[in-house]
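Here is the structure we will look at.
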Amino acid sequence: MLPALLALPVLSTALALVPIRRPFLLAVAAWGLSLTAMEAPLHLGLLVAAATAGALLHGDVTTGDLVGTAMAALICAGLAAVLGRHLLAARVLDRAWSQAGVTGESTTTRPHPRSRHRTPWLRVLFLPWPPRPRSVRARTGMTYGPDRSAHRFDLYTSSASGEVRGVIIHLHGGHFRMGAPSRESRAMLFDHAQRGWAAISATYHLSATPEAGFPQHLVDIKRLIRWIRVEGPEHGIPADAPIVVAGSSAGGHIAMMTALTAGDPRFQPGFEELDTSLAGAIGLYGYYGPLGPRTRQISDPVRHPAAGAPPLVVVHGTLDTYTPVWGSRRLVDHLRAGSPHAVAYAELPGAQHGFDAVQSARYLAVVDAIARFTDTLA
């Protein structure tokens, strides 16, 4: 009984340590199976330990129980290795920020809840899905354009009075086909809201293929910038507030394209005169290539000059099998060759796709690093 119970944790842990990369469909399935061990190693380890203890304490110990105990020991050893990779993230990010000249420290009215290398274990263990803090006000289901389905966003701000320091927009992933606000990077959004930012989680036009939706999803985000500039003051957002656009996976592509096409009339029809330049942009495990053969010359971020790019952050996992890390390296090479501003790039050891879904030790280190980056922009 115990070996059968532990078969799935064994597989999840093995795939977290050594992912399958080809063929693509098998790699995606394996990534899904690995997510529990990859993103919640503490929780899985505790469940395995509890199941093993229950089997050993029920009475007679069978041969199957002994086999299961050996399996549990291997699982826990593997999960310890995964957790060790999580703990490397803070130092990797520190080094990347230092190399890029990002020296921001917390300058907020709220003391930062942790030192740079101190992991908040209680938060990791008991709040894996980040709840909205009481100090954060949520306005959900808002719209920034005529399409109430595609132009939706949630707005998070501090409950305390005070001027908004800046705006951070997060764009979800989902291969341009699916997704919704407030499912990814929640910890980053809430952290910024507590630090005096207006934090926006937005969606955009989704399409059957990435290319079929281009350039509409890029136009959408520029339309959201227009909403911030024109209607934001009615919601406590200064018209001249610095804007940072962040994105995960497909959202990372849109974030970088937004940063590289400021003021381009092709992507802001009807509001061509609006200044859509950004204070900064952030890409998390993004795809940064062309969206298809028809739009290859304009949908590929590296086809756009980097000279006008704002300060940028790119973070990717070394074991990402859905959007391999070489795409981020290609983008960073392009940005550093032409941008006059900082380009911070960090490869997180052992991280897979989707590392911002839960409050892992690794992702909280990313949240802290991004806060130090955005503090330099507000």
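The values are calculated or read from the model by the stated rules, or taken from the named source; none is laboratory data. From a predicted model like this one, the values you see are computed outputs, not experimental measurements. Here the Cβ positions follow ideal geometry from the backbone for every residue, glycine too, while neighbour counts run over all protein chains shown. When the accessible area is computed, the model is the full protein with side chains, heavy atoms only, and any ligands, DNA or RNA have been set aside. Shrake-Rupley method; radii C 1.70, N 1.55, O 1.52, S 1.80 Å.
Here are some notes:
- Looking at GLY354, GLY350, just one residue is open to solvent by 10 Å² or more (accessible area, probe 1.4 Å) and either farther than 21 Å from HIS172 by Cβ or touching a strand residue (DSSP E or B) at 6+ places or on another chain (Cβ under 8 Å) (or both), and that residue is GLY354.
- Screening ALA369, ALA342, ALA337, ALA357 for residues that are in contact with a Leu (Cβ under 7 Å, 6 or more places away or on another chain) and on the phi < 0 side of the Ramachandran plot leaves exactly one candidate, ALA369.
- Unique match (being under 20 Å from the mean Cα position of the chain (by Cα) and closer than 28 Å to ALA187 by Cα) among LEU15, LEU88: LEU88
- Of all the residues in the stretch 42-70, those that are in contact (Cβ under 8 Å) with a residue 24 or more places away in the chain, surrounded by fewer than 20 Cβ atoms within 10 Å (Cβ to Cβ) and among the hydrophobic types (A, V, I, L, M, F, W, C) number 5.
- Filtered residues of the stretch 121-135 (kept if exposed (fewer than 11 other Cβ atoms within 10 Å of the Cβ) and within 25 Å of ALA198 (Cβ to Cβ)): TRP129, PRO131, ARG134
- When residues in the stretch 125-148 are screened for being in contact (Cβ under 8 Å) with a residue 40 or more places away in the chain and under 13 Å from ALA180 (Cα atoms), 1 of them pass.
- Restricting attention to the stretch 136-190, the residues that are hydroxyl-bearing (Ser, Thr, Tyr), in a strand (DSSP E or B) and surrounded by fewer than 21 Cβ atoms within 10 Å (Cβ to Cβ) add up to 2.
- Residue satisfying all of: in the stretch 192-201; assigned to a helix (DSSP H, G or I) and open to solvent by less than 10 Å² (accessible area, probe 1.4 Å); nearest to ARG134 (Cα to Cα) among these: ALA193
- Filtered residue count, the stretch 31-40, keeping only those that are open to solvent by 10 Å² or more (accessible area, probe 1.4 Å) and assigned to a helix (DSSP H, G or I): 6
- Counting only residues that are over 20 Å from LEU312 (Cβ atoms), open to solvent by 30 Å² or more (accessible area, probe 1.4 Å) and modelled with pLDDT of 95 or more, the stretch 88-120 holds 2 of them.
- Any hit, the stretch 261-273, residues being of a type in the set (A, V, I, L, M) and under 30 Å from ASP320 (Cα atoms): yes
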